[in-house]
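Here is the structure we will look at.
The values are calculated or read from the model by the stated rules, or taken from the named source; none is laboratory data. Worth saying up front: this structure is predicted, and the values here are computed from it rather than measured. In this analysis, Cβ positions are derived from the backbone assuming ideal geometry, glycine residues included, and neighbour counts consider all displayed protein chains.
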Amino acid sequence: MKDMMLLVEPLIPALRRYARVLLRDRAGADDLVQDCLERVVARWHQRRTDGDARTWVFSILHNLAMTRLSRSRRGWYVALEDADEAATAAPPTQEHGVMHKDLMRALDTLPEEQRSVLLLVSVEDLSYAEAARVLDIPIGTVMSRLSRAREKLLRATEAEAPAAGSRPWLRRVK
């Protein structure tokens, strides 16, 4: 026991530094070092007497840290029957991402004067009169540019969206 204390005690500051780097959390690192030291004490008889104690202790710390990190990435296990339905049910996000990219691509195809009017009125929620003052154009011009921008945007997004029931990504091979 005394030889274990002589070998392990000087390693504690280095173990804490390494644990902090791995976990980036002071309290979690201290807990990790504590768990590591408990394991070292419990399994001291299993280490190789001809091996380096420093390497053995750091290996234990590293493996414990990797286990904790992988567990935190996976999340905690909850039985399906115990889970809250609201927590498990989430709308899909892929379609929204694709629609957003398509919309941004369609916005890029609009002429600058139409895009700026559309963004000021639709996104920034300015009135027609406020948009006209910002752009220093007549209010009628704002309305006509907005109408043309909305029409072009609608045509561009409808052209990119697949028709109902069609699957353009599948082709028939004969």
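Before moving on, here are some points about what is shown:
- Exactly one residue among H100, H62, H45 is part of a helix (DSSP H, G or I), free of Cβ contacts under 8 Å to residues at least 60 places away in the same chain and closer than 30 Å to L153 by Cα, and that residue is H100.
- The numbered conditions (1) assigned to a helix (DSSP H, G or I); (2) surrounded by fewer than 18 Cβ atoms within 10 Å (Cβ to Cβ) are all true for L118 except (2).
The rows are residues; the columns are (1) on the phi < 0 side of the Ramachandran plot; (2) aliphatic (A, V, I, L, M); (3) in contact with a Lys or Arg (Cβ under 9 Å, 6 or more places away or on another chain).
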{"position": "I12", "(1), (2), (3)": "yes, yes, no"}
{"position": "R17", "(1), (2), (3)": "yes, no, no"}
{"position": "R24", "(1), (2), (3)": "no, no, no"}
{"position": "L37", "(1), (2), (3)": "yes, yes, no"}
{"position": "A42", "(1), (2), (3)": "yes, yes, no"}
{"position": "G51", "(1), (2), (3)": "yes, no, no"}
{"position": "I60", "(1), (2), (3)": "yes, yes, yes"}
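- Where a residue in the range 116-128 is modelled with pLDDT of 85 or more and its partner, wherever it lies, is acidic (D, E) and in a helix (DSSP H, G or I), with Cβ under 9 Å and at least six apart: L120/E130; V121/E130
- The test for being within 26 Å of L118 (Cα to Cα), surrounded by 12 or more Cβ atoms within 10 Å (Cβ to Cβ), β-branched (V, I, T) and modelled with pLDDT under 85 holds for T157.
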